[in-house]
Amino acid sequence: MAHVIVITGPSGVGKGTVIRLLRERVPSVRLSISATTRAPRPGERDGIDYHFLATDDFDQMIADGAFVEHARYAGQQYGTLRSELEEGDDDGDVIVLEIELQGARQIRESMPAALQVFIAPPSFETLRERLVGRGTDSAQTIDERLTVAREELDAQGEFSEVIVNDRLGDAVDALELLVQGQLRGAVD
Ligand code: 5GP
């Protein structure tokens, strides 16, 4: 069985960038491609960034038991497909689930051995600046995401590991150490 690492943190904290840099350093890290009902952003590709699904199809897949976790976030549905976790079943593989808080809680129940990492911003204000600066979301969406972000920040104590993404390189170093520790655990 591959090692599962859950990475949670508020929108705009830089999870995607930290994970991309981690994967450049540790090639055995695979990213689970989630399903979502939200529309693709410019440049996002179906089957690569997400499996983009119609709401009816998403609901049908919930009914079919296709998800290991799923949650509603800012008016849209997101979920981790069971098939994504079944693909890599090598002891030396790490599968990263980049998911929000409710999904992380579900995985904590169903897969207690999975490492749970929370990526935190240096401050709430830096989150707002990053979301506005990213330029991918409307003002209303940014407000929704910041409201959710407050709840997520309040829950960071639930996570066994918290990494503050102040300097990007340091955050990637910290995550790499955790991942290498997981992999070494598999060998011992
Ligand atoms: P975005 O719309 O910015 O791509 O993602 C919004 C939020 O949904 C992020 O916090 C992201 O981590 C989370 N997310 C992405 N995929 C999943 C998933 O499969 N399950 C859950 N629970 N959250 C997800």
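The values are calculated or read from the model by the stated rules, or taken from the named source; none is laboratory data. All of these numbers come straight from a predicted model, not from anything done at the bench. Here Cβ is always computed from backbone atoms with ideal geometry, including for glycine, and neighbour counts include all displayed protein chains.
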Residue ID - nearest to the chain's Cα centre (by Cα), chosen from residues in segment 113-139 that are polar (S, T, N, Q) and modelled with pLDDT of 90 or more:
Gln116
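Here is a yes/no grid of residues against (1) away from the ligand (no atom under 16 Å from the Cβ); (2) more than 19 Å from Gln102 (Cα to Cα); (3) touching a residue at least 24 places away in the same chain (Cβ under 8 Å):
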site	(1), (2), (3)
Val132	no, yes, no
Thr136	no, yes, yes
Arg145	no, no, yes
Val164	yes, yes, yes
Leu168	yes, yes, yes
Leu175	no, yes, yes
Arg184	yes, yes, no
How many of the residues making up segment 31-65 are over 21 Å from His3 (Cα atoms), touching a helix residue (DSSP H, G or I) at 6+ places or on another chain (Cβ under 9 Å) and part of a loop (DSSP other than H, G, I, E, B)?
3
Between Thr37, Thr17, Thr8, which is within 8 Å of the ligand (Cβ to nearest atom) and in contact with a Leu (Cβ under 9 Å, 6 or more places away or on another chain)?
Thr8
Of all residues in segment 158-171, which are in a helix (DSSP H, G or I) and in contact with a strand residue (DSSP E or B) (Cβ under 9 Å, 6 or more places away or on another chain)?
Glu158, Asp170, Ala171
Pairs please, first residue from segment 1-16 and over 12 Å from Leu101 (Cβ atoms), second anywhere and of a type in the set (S, T, N, Q), Cβ atoms under 7 Å, 6+ apart in sequence or on different chains.
His3/Gln182; Ile5/Gln182; Val13/Asn165; Gly14/Asn165
Scope segment 66-99; condition in a loop (DSSP other than H, G, I, E, B), surrounded by fewer than 20 Cβ atoms within 10 Å (Cβ to Cβ) and within 15 Å of the ligand (Cβ to nearest atom); matching residues:
Ala66, Ala74, Gly75
Suppose the filter is surrounded by 12 or more Cβ atoms within 10 Å (Cβ to Cβ), of a type in the set (D, E, K, R) and assigned to a helix (DSSP H, G or I); does Asp143 pass it?
yes
Using the structure shown, decide if Pro10 is touching a strand residue (DSSP E or B) at 6+ places or on another chain (Cβ under 9 Å), outside any strand (DSSP E or B) and at pLDDT 95 or above.
no
